[in-house]
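In what follows, a single structure is set out as structure tokens and then discussed.
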Number of protein chains: 2
Amino acid sequence: MKALYLEDLQAGQVFRGSTRIKVTVEDIVRFAREYDPQPFHLDDKTAKESIFGGLAASGWHTAAMTMRLLVDGDCRIAGGLIGLGFEEMRWPRPVRPGDELRVQSEILEKRESKSKQDQGLVKMRNSTFNQHDEPVQVSVGTLIVPRRGR
Amino acid sequence: MKALYLEDLQAGQVFRGSTRIKVTVEDIVRFAREYDPQPFHLDDKTAKESIFGGLAASGWHTAAMTMRLLVDGDCRIAGGLIGLGFEEMRWPRPVRPGDELRVQSEILEKRESKSKQDQGLVKMRNSTFNQHDEPVQVSVGTLIVPRRGR
């Protein structure tokens, strides 16, 4: 797959991940034990009495899995997917054991960097969907993207 | 530690995590292998030639470690730390092997929910610092916080 430079990207372009991640109870609990050990991410019984109504993945687990889907997807930026930060990040619904996640990204805008001649900034919306095509995470972030050498 | 309700929180309140996380090469590589397998998160030699100039933790790893610091900290919201989403998320500098991370949070505003009488929304800025007191992650997010039963 050809590496993408700033010149190859334009607003409206859509990238679809080519892989899916099936989320297991074990994955949810393992991530939560290390990074987000709250009862509703660790134990289904306790989770049933929580706001989630059942075991749910940590939002940061969903974010991490989304990153994996992006890295394995077809938006291969030259130099890698390097995020400066996000201006929006939402989890419209929980990720449950058995869910199968995929990602879709849309370029919202691009601009050349003012300070660095050899790179630009690309704003992108990444939407993570479950197997029912319901969004489980929506984020709008800015990537650093190199310009093609002249 | 007493669980906190909406009534206990007000703009300007600051919470400090009581723990620190020491970041190792092994942690960085293990997280990256599973969730963000890009060369600059996996191998120091390759990372030296990248924009990071050396091995750096995935931003999502930093986000996950920040969540752990928050969960172990003294901002014990009744019902747990449940994020609706973020309106800002930045990584001002990379996290390196050997860094020791801590978190500090400030309540920016709170409001009662319009749709749900028993809960409110609290906007919070979470800043993650390294051992040099330099911010490595800054996020502004909204938590769902229960109101005290009357």
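Of the residues making up the stretch A:38-53, those that are out of contact with any Ser or Thr (no Cβ under 9 Å at 6 or more places or on another chain) and either surrounded by fewer than 20 Cβ atoms within 10 Å (Cβ to Cβ) or outside any helix (DSSP H, G or I) (or both) are A:LEU42, A:ASP43, A:ASP44, A:LYS45, A:THR46, A:LYS48, A:GLU49, A:SER50, A:ILE51, A:PHE52, A:GLY53. Might you check whether a residue that is within 14 Å of chain B (Cβ to nearest Cβ) and under 13 Å from the mean Cα position of the chain (by Cα) occurs anywhere in the stretch A:105-121? Among the residues of the stretch A:105-121, not one is within 14 Å of chain B (Cβ to nearest Cβ) and under 13 Å from the mean Cα position of the chain (by Cα), which makes the answer no.
Taking the stretch A:24-48 as the range and being touching a helix residue (DSSP H, G or I) at 6+ places or on another chain (Cβ under 7 Å) and of a type in the set (A, V, I, L, M) as the test, the residues that pass are A:ILE28, A:VAL29, A:ALA32, A:LEU42, A:ALA47.
Selection of the stretch B:78-90 for residues being under 24 Å from A:VAL95 (Cβ atoms) and either at the interface with chain A (Cβ under 10 Å from one of its Cβ atoms) or open to solvent by 30 Å² or more (accessible area, probe 1.4 Å) (or both) yields B:GLY79, B:GLY80, B:LEU81, B:ILE82, B:GLY83, B:LEU84, B:GLY85, B:PHE86, B:GLU87, B:GLU88, B:MET89.
Here is a yes/no grid of residues against (1) at the interface with another protein chain (Cβ under 8 Å from one of its Cβ atoms); (2) outside any strand (DSSP E or B); (3) in contact (Cβ under 8 Å) with a residue 40 or more places away in the chain; (4) surrounded by fewer than 23 Cβ atoms within 10 Å (Cβ to Cβ):
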residue	(1), (2), (3), (4)
B:ARG33	no, yes, no, yes
B:ASP74	no, yes, yes, yes
B:PRO92	no, yes, yes, yes
B:PRO97	no, yes, yes, yes
B:VAL103	no, no, yes, no
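Is it the case that the stretch B:54-64 has a residue that's facing chain A (nearest Cβ under 8 Å), among the polar types (S, T, N, Q), within 14 Å of the chain's Cα centre (by Cα) and open to solvent by less than 20 Å² (accessible area, probe 1.4 Å)? Checking the stretch B:54-64: at least one residue is facing chain A (nearest Cβ under 8 Å), among the polar types (S, T, N, Q), within 14 Å of the chain's Cα centre (by Cα) and open to solvent by less than 20 Å² (accessible area, probe 1.4 Å). Quick one: how many residues across the stretch B:6-31 are surrounded by fewer than 18 Cβ atoms within 10 Å (Cβ to Cβ), assigned to a loop (DSSP other than H, G, I, E, B) and of a type outside the set (A, V, I, L, M, F, W, C)? The qualifying residues number 7.
The values are calculated or read from the model by the stated rules, or taken from the named source; none is laboratory data. Given the structure is predicted, the values throughout are model-derived calculations rather than measurements. Every residue, glycine among them, receives a Cβ derived from its backbone with ideal geometry; neighbour counts consider all protein chains shown. For accessibility, only protein heavy atoms count, side chains too; no ligands or nucleic acids. Shrake-Rupley method; radii C 1.70, N 1.55, O 1.52, S 1.80 Å.
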